[in-house]
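Undergrad: Here it is: the structure, laid out below.
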2 protein chains.
Amino acid sequence: MKLLVKKIDFETGNTKSIVLNIKNAQELGQKAGERVILKNPETRAFENKFWSAIIQIDYLGSIVKPGEIGIFLNILREKRDLKNGMIISVKPADPPDSFKFIQKKIKGNKLTSEEINSIVSDAVSGSLSRIDLAAFITGVSINGMDNEEMTALTLSETRSGEIFYFGMEVYDKHSTGGVPGNKVSLIIVPIIAAAGLTIPKSSTRAITSPSGTADSMEVLAPVSFTPKKLKEIVSTHNACIIWGGALETAPADNILIEIERPLHMDPVGLMIPSILTKKLSLGVKKLVLDIPVGQGTKFPTPDNGKQFAYLFKEIAANVGIEAECALTLAHQPIGHAVGPALEAREALILLKDFSAGPNSLIEKSTDLAGILLEMGGKAQKGEGQQLAKQILKSGKAYGKMKQIIEAQGGNPNIIPEDIKVGPFMKEYFAKKDGYIVEVNNSLINQIAKASGCPTSKSSGVEIIKKQGAKIKEGDIVLRLYSHSESKLRRAEKIYNATGGPIRLGGMVIERI
Amino acid sequence: MKLLVKKIDFETGNTKSIVLNIKNAQELGQKAGERVILKNPETRAFENKFWSAIIQIDYLGSIVKPGEIGIFLNILREKRDLKNGMIISVKPADPPDSFKFIQKKIKGNKLTSEEINSIVSDAVSGSLSRIDLAAFITGVSINGMDNEEMTALTLSETRSGEIFYFGMEVYDKHSTGGVPGNKVSLIIVPIIAAAGLTIPKSSTRAITSPSGTADSMEVLAPVSFTPKKLKEIVSTHNACIIWGGALETAPADNILIEIERPLHMDPVGLMIPSILTKKLSLGVKKLVLDIPVGQGTKFPTPDNGKQFAYLFKEIAANVGIEAECALTLAHQPIGHAVGPALEAREALILLKDFSAGPNSLIEKSTDLAGILLEMGGKAQKGEGQQLAKQILKSGKAYGKMKQIIEAQGGNPNIIPEDIKVGPFMKEYFAKKDGYIVEVNNSLINQIAKASGCPTSKSSGVEIIKKQGAKIKEGDIVLRLYSHSESKLRRAEKIYNATGGPIRLGGMVIERI
């Protein structure tokens, strides 16, 4: 069938789709979500490739009339030999092979590496629709993936994008998340780098928390770099703390995450490849994995976390990464600060002055850093944390952080007082004497996000006293910050409606 | 957040979605696929309802700039108090409750009827996205639904649309499909109606076959009617053969089918409710279900078909429908004709002249009609088929078909010669002596569709000789028709490439 290309003033995202009038679709015998192959009548292909696209249907003919084929703006930009007003030939196409492989996983069968490569490749090229990928993700959520499949998926996703080489021994740290205020990377990276190990830390922006490492670091220095600039920074300073999204690594992983997020799905079968692919793309060889366990994390019990850890280590080893895992406490935030600027400030204060604490941040950061130092041969087994504390106390970690900040285009002489928080602020005080028996992470997340995190860097929450602290009536327990008055009010509403995230009590926790 | 409504010259289909610029989405803390709630600053709602919509993101700002919110054409048409250029308030919204219920099914848990109602309701209102529905369908494909869930889904889908009442005793026939040329409804309905039973037959257009009942009937008379006209026809003639898509019954079913089709999924947990809801919507009380079994059908073995039949009968009984099931042969087409006009012609010939046959059409039609006659008390158990044959032989069925054709606006005096086929035609002849050992349904479907079925009514395939027939070299075996020369060539290509659907052989079928 020959159809006239009609430009559509809209963008289609990653999926390769076109729009047909219902009459033409019926004539072709194809339905919405099925496929056509488009050919340039002169060259027989577009940009030298046969091009199949997923059909959307205009039932009313208000956008695409019979005889026309609707092509989205971004597709016209991408395929320069496809022009508004030209006549092209259109015929029905079968779904790609990867479609059958998705069905195979849904039927509960194991996929070969070739089949996994096919799915990854077609996800990246846009030949699989969002519906296809949603079905795939759901299939993996229910039927799982075994070790061979996860290994194949990791390698496949890694090859879908740019891969960096930073040397023979490259170190990294990752967290499976779920605990607010987890700013430990801002302490760990300078420690490891100061010890002479290469640690090109790339992070995501906040997923469910009020601030991801990239959000917090961005308070101190830019975090988006081209591959060329990144290589410069790392080769000069053997470290960085950047936002991974600015690189072109593992697009396949990003595409899957985009569908997983609104579905609230993060199946282990895709999570492990997702973590490892990001590391593999940056040439990481040795990794410490922080696994927060308990309510609000991905692993409600330590046993859950342990099972995951064994699995993760095995797949990591399969793809050439040596991984050590640490189950960590997650019952309350790390440190006192939650929110990009507050967290960056707390990290900077500690780097400059060990005695300023806070303890939870010192203990967790140096414990995880210590594991890496042992893996890197800088300390004997069991002595890594001690060395990490030394490096931190000595000011060497702070010196390294200044170098990293400067290399990334920030002001190396930034002091904590320079970091803007608020300006709107509200303090909350204890209404009675007692002990803090619970700090509710979930409420902290809600309140911090309501105040504007992570987009508004100066918003957030400071938990003045934490679990176990003895409180007197009138003591300050929490500070709420926001860049805007309305957002402050919004956060206050949640605080008032719920009674806030700090629960005071005596020796009896609850009466039923 | 306040945003300026910007009209987008595009239609969004059923799902309620809007477009945000990436910056505004980030500020709201929401991602693609997540939701916002829109409020009219004056009335606080649109058309008196709070309205939540699913977010699409414009990353480049080419369609929707910061400060704008993109609203699709069809939404602007639907919500008349939402206008291009007005300022509206936008805030983040949680997914609807039905979203959690979908996750529940994915986790392998049973859904309550309230939860199923919630999913159906939100699917119809567009609050669940295509991704959400794809996840749901995949979850049901893998985890299944039990009898209570299927019953609840049937009732829920039925209540999502118009429900007709045609009297206390209403009969119907349905087929699970998979065998080409299955024109039996064109014989069954007139027989049942001639016996004085009410049979308001509604059908879909072709799904995988070259012609659905609605496509074939449309050759003889119009098949799309308003509810008012439909009630008139059925109350006057106690029968009809119409296209169900023109009624507003069970929109929920249509919405699910639209996602199932491109995924090639038809899980039993959704299939049974889908069939029953269409019947329930037309007030059907007694149903005969034709279950073709064997290669190419939904039930590869008779045992598969039998299991399905037991399950179907039970759910049907739960919703007040008495169902009898018949496993039927599907190794080759029913009759000789495949394609709308060819099938309508073959049916008309038989209705006018019992001796014209063909046997397979007579036997299958009267067997299924006989079951209904027994259920309707018109014949003793085991004598239904005999009565059906009598009614057909006597010409009473033909008389009734003329009434139905006239009531639906067709020419009651139409004769087989009036029915246009082709005009382009090609005949195929046997290249050697032998017996027909196989008629390949899949190839017949492919060839018939390539010739233009079902959109082009005059296209199709005539299988002159069927399985078991003794053939001499030079005998005609198949006729290919098309409305266009190019489509005829296209069909011929497939025939030639595959050797055609008719396989000749001796007593040895294959040597390996």
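The values are calculated or read from the model by the stated rules, or taken from the named source; none is laboratory data. This structure is a prediction, so every number in the text was calculated from the model and none was measured. Heads up, the Cβs are rebuilt from the backbone with ideal geometry, glycines too, and the neighbour counts pull from every protein chain shown. Remember, those area values only see protein heavy atoms, side chains included, never the ligands or the DNA or RNA. Shrake-Rupley method; radii C 1.70, N 1.55, O 1.52, S 1.80 Å.
Undergrad: Given R₀ = 25 Å, FRET efficiency for residue A:435-residue A:496 by Cβ-Cβ distance, to 0.05? Present the calculation step by step, with values, prior to reporting the outcome.
TA: On the way: r = 23 Å, r/R0 = 0.91.
Using R0 = 25 Å, I get an efficiency of 0.65.
Undergrad: Pop the C-beta distance of residue B:204 and residue B:44 into the FRET formula with R0 = 45 Å and round what comes out to the nearest 0.05.
TA: With R0 = 45 Å, the Cβ-Cβ based efficiency is 0.60.
Undergrad: To test your reading of the geometry: what angle, between 0 and 90 degrees and rounded to tens, separates the Cα axis of helix A:302-318 from the longest principal axis of chain A?
TA: It is inclined by approximately 60 degrees.
Undergrad: Then there is this: Lys/Arg Cβ at +1, Asp/Glu Cβ at -1, dipole of the range B:347-465 taken about the Cα centre: which of B:391, B:442, B:408 is farthest positive-ward?
TA: B:408
Undergrad: Classify the range A:288-352 as rounded, prolate or oblate from the Cα gyration tensor: take a ≥ b ≥ c as the square roots of its eigenvalues, call it rounded if a/c is under 1.5, otherwise prolate when a/b beats b/c and oblate if not.
TA: oblate
Undergrad: Is it possible to state the helix-based mean residue ellipticity at 222 nm for chain B, with each DSSP H run of 4+ residues giving -39500 (n - 2.57), the sum divided by total residues, to the nearest 500 deg cm²/dmol? What is it?
TA: -12500 deg cm²/dmol
Undergrad: So in chain A, what percent of DSSP beta bridges are antiparallel if you round to the nearest 5?
TA: In chain A, approximately 55 percent of DSSP beta bridges are antiparallel ones.
Undergrad: Of all alpha-carbon pairs in the protein assembly as shown, indicate the percentage at a distance above 36 angstrom.
TA: Result: 60 percent of Cα pairs exceed 36 Å.
Undergrad: Using only Cα atoms and rounding to the nearest 10 degrees, what angle (0 to 90) does helix A:147-159 make with the longest principal axis of chain A?
TA: For A:147-159 against chain A, the angle is about 80 degrees.
Undergrad: For peptide B:257-269, how many partner chain Cβ atoms fall within 10 Å of a residue's Cβ, on average?
TA: 4
Undergrad: Can you give the Rg/Rh ratio of the range B:160-233, where Rg is from the C-alpha atoms and Rh is the Kirkwood radius?
TA: The Rg/Rh ratio comes out at 0.96.
Undergrad: Just tell me how shielded B:99-106 is by partners: mean number of partner chain Cβ atoms within 10 Å of each residue's Cβ, no decimals. Display every interim value, and only then the final one.
TA: Values: counts 3, 1, 0, 3, 5, 0, 2, 8.
Partner-chain Cβ atoms within 10 Å, mean over residues of B:99-106: 3.
Undergrad: Under a point-charge model restricted to the Cβ atoms of Lys and Arg (+1) and Asp and Glu (-1), what is the dipole moment magnitude of the range B:1-69 relative to its Cα centre, in debye to the nearest 20?
TA: 180 debye
Undergrad: Here's another thing I want to ask about it. Calculate what fraction, in whole %, of the accessible area of the range B:431-501 sits on carbon and sulfur atoms when a 1.4 Å probe is rolled over the protein chains.
TA: 48 percent
Undergrad: Using a 7 Å offset from the Cα along the Cα-to-Cβ direction at both residue A:169 and residue B:322, what is the distance between the two label points in nm, to one decimal?
TA: It works out to 8.4 nm between the two label points.
Undergrad: While we're on this one: Between residue B:108 and the same site in the other copies, what are the distances in nm, shortest first, taking label points 7 Å from Cα along the C-beta direction?
TA: 1.0
Undergrad: Next question, about the same structure. Taking residue B:420 in one copy and the same position in all the others, each labelled 7 Å out along Cα→Cβ, what are the pairwise distances from the first, in nm, shortest first?
TA: 7.4
Undergrad: While we're on this one: Provide the buried accessible surface between chains A and B in square angstrom, both chains summed, 1.4 Å probe, rounded to the nearest 100.
TA: Using a 1.4 Å probe, the pair buries roughly 3700 Å².
Undergrad: Taking the Cβ of residue A:446 as the centre, find all other residues whose Cβ is under 11 Å away and add up their charges (Lys, Arg: +1; Asp, Glu: -1).
TA: That sum, taken over residues with Cβ under 11 Å, equals +3.
Undergrad: Taking just the alpha carbons, could you work out the radius of gyration and Dmax for the range A:223-303, both in angstroms?
TA: Using the Cα atoms of the range A:223-303, the pair Rg, Dmax is 15.2, 43 Å.
Undergrad: What are the GluC sites (Glu not before Pro) within the range B:406-512 that DSSP puts in a loop, where the Cβ has at most 15 other Cβ atoms within 10 Å?
TA: Answer by residue number: B:473, B:510.
Undergrad: Rg and Dmax of the range B:142-301, Cα atoms, in Å?
TA: Reported Rg and Dmax, both Å: 15.4, 46.
Undergrad: Quick check on the protein assembly as shown: of the DSSP beta bridges with both residues there, what percent are antiparallel, nearest 5%?
TA: Values: 68 of 126 bridges.
Counting DSSP beta bridges with both partners in the protein assembly as shown, the antiparallel share is about 55 percent.
Undergrad: Which order, highest average first, do B:368-380, A:369-381 follow once you tally other Cβ atoms within 10 Å for each residue and take the mean per peptide?
TA: Numbers: B:368-380: 21.6, A:369-381: 20.0.
Listed from highest to lowest mean packing, they are B:368-380, A:369-381.
Undergrad: Report the FRET efficiency, 1/(1 + (r/R0)^6), for residue A:2 and residue A:22, where r is their Cβ-Cβ distance and R0 is 22 Å, rounded to 0.05. Walk me through the intermediate numbers first.
TA: Details: r = 18 Å, r/R0 = 0.81.
Plugging the Cβ-Cβ distance into 1/(1 + (r/R0)^6) gives 0.80.
Undergrad: For q values of 0.06, 0.07 Å⁻¹, compute log₁₀ I(q)/I(0) with the Debye formula on a Cα-only model of chain B, without solvent.
TA: At q = 0.06, 0.07 Å⁻¹ the computed log10 ratios are -0.35, -0.46.
Undergrad: Also, I was wondering about something else. In whole percent, what relative contact order does the range A:1-158 give with Cα contacts below 8 Å and a gap of six or more residues? Don't jump to the answer; show the numbers that get you there.
TA: Details: 280 pairs, mean separation 46.5, N = 158.
Averaging sequence separation for qualifying contacts and normalising by length gives 29 percent for the range A:1-158.
Undergrad: Select from the range A:90-177 those chymotrypsin sites (Phe, Trp or Tyr not before Pro) which occupy a DSSP coil region and have at most 14 other Cβ atoms within 10 Å, ordered by residue number.
TA: A:165
Undergrad: Related question: Which whole-number percent is the relative contact order of the range A:284-377 (Cα, under 8 Å, 6+ apart)?
TA: It comes to 31 percent, rounded to a whole number.
Undergrad: For chain A, what does the relative contact order come out to in percent, with C-alpha contacts under 8 Å and a separation of six or more?
TA: For chain A, the relative contact order is 14 percent.
Undergrad: Sticking with this one: Which far-off residues, 5 or more places away or on another chain, put their amide H under 5 Å from the one on residue A:145, with H placed in the peptide plane?
TA: A:269
Undergrad: Taking the label point as lying 7 angstrom from Cα along the Cα-to-Cβ axis, what are the distances from residue B:380 to the corresponding position in the remaining copies, in ascending order and in nanometres?
TA: Here residue B:380 shows inter-copy label distances of 10.1 nm.
Undergrad: Could you tell me, in Å, what Rg and Dmax come out for the Cα atoms of the range A:306-402?
TA: When restricted to the Cα atoms of the range A:306-402, Rg and Dmax are 15.2, 42 Å.
Undergrad: Return the Cα extents of the range A:18-92 along principal axes one, two and three, sorted largest first, each rounded to a whole Å.
TA: Dimensions of the range A:18-92 along the principal axes of its Cα atoms: 32, 21, 19 Å.
Undergrad: A follow-up question, please. For the range B:361-442, count all C-alpha to C-alpha pairs, find those more than 14 Å apart, and express that count as a whole percent of the total.
TA: 76 percent
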